[in-house]
1. Which number do you get for Rg(Cα) / (2.2 N^0.38 Å) in the range 61-114?
2. Just check the range 105-255 against the gyration tensor rule for me: Cα atoms, a ≥ b ≥ c as the square roots of the eigenvalues, rounded for a/c under 1.5, and otherwise prolate or oblate depending on whether a/b exceeds b/c.
3. Within the range 207-226, what residues put their amide N at less than 15 Å from the label point 7 Å along the Cα-to-Cβ vector of K27?
4. What number do you get for the range 202-266 when its Cα radius of gyration is normalised by 2.2 N^0.38 Å, N = residues?
5. Expressed as a whole number of Å, what is the distance separating the alpha-carbon centroids of the range 192-267 and the range 64-84?
6. Just name one of G47, G10, G29: the one whose Cα is farthest towards the positive end of the charge dipole of the range 1-94 (beta-carbon charges, Lys/Arg +1, Asp/Glu -1).
7. Calculate the dipole size of the range 56-111 relative to its Cα centre from +1 charges on Lys and Arg beta carbons and -1 charges on Asp and Glu beta carbons; express the result in debye to the nearest 20.
8. Just grab the label-to-label distance for K223 and E78, each label 7 Å out from Cα along the Cβ direction, in nm (one decimal).
Amino acid sequence: MPDGEPWSHGFISKIAAQVSLPYKKPKDGTKEIVRRNGNLTVRYVSGADSLPYGRYPRLFELWACTMIKTGNECFDPETNTLRLGSTFREFLRMIGVNVGGKSLRTIKPQLERLFSCTYHITNNNGTETHIRNFVVARSAHIDWLRNEPQEHGLFENTVCLSQEYVDMLSDHPVPVDLKVISGLRKPMAIDVYWWLTKRIYGLHEQVTITWQQLYQQFGSDTKELWKFKQNFKEAVSEVLKVYDCKITCGPERVTMYPSCTSVPTVTETRAVEKRRTKTVSVKTKATPEERRAATEGHWIPFMGVDEAVFWTSDAFNQNDAQCHLFGLVGTEKCPICAYDERNRNNHESFANTLF
């Protein structure tokens, strides 16, 4: 996100794009919920009066993940400390949240609940089990309600996040469109959008999911499956008003179809950059190094790995690279492995990662 330009997108953790926090305050004093998505199981345990719920914990994680991913100065990576002063409030205003005294009184207890929450994450593929348990924050200080200026930093609002939570946020986060999020009001609509933009990424053929699977993934404020279906369909309708993707909700299952990603992919961005380069090259000639990088093989960073794929800039394909790293295609049919023998060393290297 260049300095001086409006932000177009932010980042959300892969966990948040797969399972959901509660939408309303859990009834009967419930302080623990379980969400499932395929091999992934996440158990949220409250360390406060209630589990975090509603929009604000979700929007905080969106902001925190974006600040960490982009290296914003409000995040100190040495101490894992985030400054929560005007930066977070300006972020809320940017995505359409009116920040005033009343809303700050609502946000504060939700952040307290989130910071005290414990995540228990398990990924079990039948032969291997990966487990990670952690609390969101080690300490926090929130004092938004004073009627005093904060120029001197006497009571700066901060949260010291746990290293495990920072790792979760920074481990291959999902890019999301902030303009889309600014048009969403219901917490379930936010979750559905995050889920859709992650699933549609790299989707080449239609995929169906049963309502029971979705219920285990998203949960609901009601125990009746028919009510969950109704809530989910309403959330999908809200998302489709601001994000044009292909999804149908049938009586037995939900079907997704290949669509354009919400945020342009690396491949799409490279295509735009390539067209721009050709336009500029009419006036200025490319350097020999630039010409070699486009036509000759070299290591291309991808998904946070410096030496991910040995390929050429012109021929690089994001979907092929993703299938190669996650082992979605065998080495004998993998074009990445076929191009250069060195790629076989990291084939399927992301297949058993927790997130």
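None of the figures in this text is laboratory data; all of them are computed from the coordinates on show. Everything numeric in this text was worked out from a predicted model, so none of it was measured. Quick reminder, even Gly has a Cβ in these numbers, built from the backbone with ideal geometry, and neighbours come from all protein chains shown.
1. It is 1.17.
2. Here the range 105-255 falls in the prolate category.
3. 220-226
4. Details: Rg = 12.8 Å, N = 65, 2.2 N^0.38 = 10.7 Å.
Dividing the Cα radius of gyration by 2.2 N^0.38 Å gives 1.20.
5. 31
6. So the residue furthest toward the plus end is G29.
7. Around 400 debye, computed over the range 56-111.
8. 5.4
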